[in-house]
Amino acid sequence: MSPVKTEDAINTYLADCGADPSLGQAQPDYLALSLRERHARLETQPALAIEWAAQYEQWYKHADNDYRCLVSTRAAEAPWYRLGVKDTVDVAGLPTRLGLRSYRHYPARSAEALTRLDPRVGLTCKVTTTELNIAFGGGCRNPRFPSIDASGSSTGSAVSVAAGLCDISLGTDVLGSVRWPASHCGMVGLRMTHKAQSLAGVFPLSPRMDALGWVARSADDLDFILPLLGIEGLLGEQQPLKQQYRVGFLSHVHEPGLTSAQMLAMLDQVRTALADLDMPQCEVAMPELWASRGDAWQLCARDAWLASAAWQQTFDCELHWSTRSALAVGAGVSDSEYQQIHQRMDRVRDGIDAWFDAAQVDFVVFPMDPNRPFDRRDPQPGDSTIPSPADSDYSQKISFTPLASFSGLPAITVPITQSTDGKAALAVQIMGRRDSERQLLDIAKRLQALVGEVPADRQGA
């Protein structure tokens, strides 16, 4: 008998990998419907849920093979809507891995945010996260903008929605961990108001900045499904909806050399759209909060470093090099600096309501980032996900996301247009007062209705 060639053996194996190629490769048509449209059809034809579930069951394996965002799944009986959960959030019956290769625990209880779901919402999967929220990469592929890195610790939350594998996904947002991947995938990402009581069952990274975050295909989808998530108690007493909101555009983004021409042009589109919506506008400055952007990163780094002494004993596994680099940044933050950052945070948070009152604005608007999202083929910007003050281009690296994080405020990111080369989505951030999530969804819905959906990059990388 002649020996089998290694090349032939591996090629035979690879040819049989994956789901049956004769079944379900095309995305089911129903996934193109908005959630409101889908709901209307299901109310009149409930049996469609079974038909659609069968289509999904054949298709999702092909999709996850392409986009690699699911880490564990479980069956749900013909759910109307599918919810994915970041793998740093506990779900009873599914392992929590925290993005680590050789760790898992099986929680007895689900996180508080997941305990009151409407029966029509099926929690069907856990989705990818980066290692302990602070490493590079999530291993996912961006479904809508293939050349753009979808990373952020809630990578899987964004990719699963962009791919159609989930209708809504729960992540966490410390310094942009939901907003970044959502915007890079052309999705809507909402960071909620920081509330410690909402975080039971969520892996803590930086307890004073940790917040729940949601990703949906559109602001309207998120607004529609929010009541079905059972989080009314976490939302608290919301700011009232208005016919007109007064919007402040953040003046600091115009500092010389900070924000690229592409992002400023996108911001001008937002100005025009809000003017068309009869929203009064003004320029605003937030000097104390703006000066604290670096503080937010240093606080997160120090928190992670302080916690690492405890969790490294439990996890007992080799950490990714970028995780170690982020911890090294935290080790360089002294006890006195750490204490001073907390004191500055107290001042900012104690005065934030008075600032909004004095500025007479409901929202503050600024770009998602100083620059368009970076290409996944380019080297990562720096040795750590957490910038160090010694880094070059530090003011760009600390970006704009810490404004909501340091102040504890909610913020939403909305895709507005494509980059000039058509390879990326350019997004705006809108930051509101405490407990203004419904206001944020309201203005985001109106904005999206006017600017439309940002087309995907169909040409690929």
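The values are calculated or read from the model by the stated rules, or taken from the named source; none is laboratory data. Worth saying up front: this structure is predicted, and the values here are computed from it rather than measured. Using ideal geometry, Cβ is built from the backbone for each residue, glycine included, and neighbour counts are taken over all protein chains shown. Accessible surface is based on the protein model in full, side chains and every heavy atom, while ligands, DNA and RNA are left aside. Shrake-Rupley method; radii C 1.70, N 1.55, O 1.52, S 1.80 Å.
Observations, loosely collected:
- Residues that are under 20 Å from the mean Cα position of the chain (by Cα) and outside any strand (DSSP E or B) within the range 420-430 comprise K423, A424, listed in sequence order.
- Condition check for S153: crowded, with 24+ Cβ neighbours inside 10 Å, at pLDDT below 95 and either under 19 Å from T124 (Cα atoms) or touching a strand residue (DSSP E or B) at 6+ places or on another chain (Cβ under 8 Å) (or both): yes
- If you check A113, A54 for being open to solvent by 50 Å² or more (accessible area, probe 1.4 Å), outside any loop (DSSP other than H, G, I, E, B) and not hydroxyl-bearing (S, T, Y), only one passes: A54.
For every residue, the table says whether it meets (1) open to solvent by less than 10 Å² (accessible area, probe 1.4 Å); (2) more than 19 Å from the chain's Cα centre (by Cα); (3) aliphatic (A, V, I, L, M); (4) closer than 26 Å to N133 by Cα.
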| residue | (1), (2), (3), (4) |
| --- | --- |
| S392 | no, yes, no, yes |
| P402 | yes, no, no, yes |
| S407 | yes, no, no, yes |
| G432 | yes, no, no, yes |
| D435 | no, no, no, yes |
| K445 | no, no, no, no |
| Q448 | no, no, no, no |
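- Yes/no for Y60 being open to solvent by 30 Å² or more (accessible area, probe 1.4 Å), within 30 Å of I225 (Cα to Cα), part of a helix (DSSP H, G or I) and among the hydroxyl-bearing types (S, T, Y): yes
- Condition check for V71 on (1) under 23 Å from the mean Cα position of the chain (by Cα); (2) assigned to a loop (DSSP other than H, G, I, E, B): one failure, at (2).
- For E77, the conditions (1) assigned to a helix (DSSP H, G or I); (2) open to solvent by 80 Å² or more (accessible area, probe 1.4 Å); (3) touching a strand residue (DSSP E or B) at 6+ places or on another chain (Cβ under 9 Å) all hold with the exception of (1).
- Lone qualifier among V329, V361 - being in contact with a strand residue (DSSP E or B) (Cβ under 6 Å, 6 or more places away or on another chain) and either in a loop (DSSP other than H, G, I, E, B) or not acidic (D, E) (or both): V361
- Checking R82, R68, R101, R41 one by one, the residue that is touching a residue at least 24 places away in the same chain (Cβ under 8 Å) and either farther than 30 Å from S308 by Cα or open to solvent by less than 20 Å² (accessible area, probe 1.4 Å) (or both) is R82 and no other.
- Considered as a group, the residues in the range 354-367 that are out of contact with any His (no Cβ under 9 Å at 6 or more places or on another chain) and within 17 Å of S292 (Cα to Cα) include one that is least open to solvent (accessible area, probe 1.4 Å), and that residue is V364.
- Checklist (1) open to solvent by 40 Å² or more (accessible area, probe 1.4 Å); (2) in contact with a strand residue (DSSP E or B) (Cβ under 6 Å, 6 or more places away or on another chain) applied to P373, failing item: (1)
- Selection status of T420, out of contact with any Cys (no Cβ under 9 Å at 6 or more places or on another chain), in contact (Cβ under 8 Å) with a residue 24 or more places away in the chain and crowded, with 19+ Cβ neighbours inside 10 Å: no
- You will find that of V253, V178, the residue that is modelled with pLDDT of 95 or more, among the β-branched types (V, I, T) and surrounded by fewer than 18 Cβ atoms within 10 Å (Cβ to Cβ) is V253 and no other.
- Residue-level check: of (1) surrounded by 22 or more Cβ atoms within 10 Å (Cβ to Cβ); (2) closer than 29 Å to Q27 by Cα; (3) touching a residue at least 40 places away in the same chain (Cβ under 8 Å), I134 misses just (2).
Matching residues to (1) among the polar types (S, T, N, Q); (2) under 17 Å from G189 (Cβ atoms); (3) under 16 Å from the mean Cα position of the chain (by Cα); (4) in a loop (DSSP other than H, G, I, E, B):
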site	(1), (2), (3), (4)
P119	no, no, no, yes
T129	yes, yes, yes, yes
L132	no, no, yes, no
A135	no, no, yes, yes
F145	no, yes, yes, yes
A150	no, yes, yes, yes
S169	yes, yes, yes, no
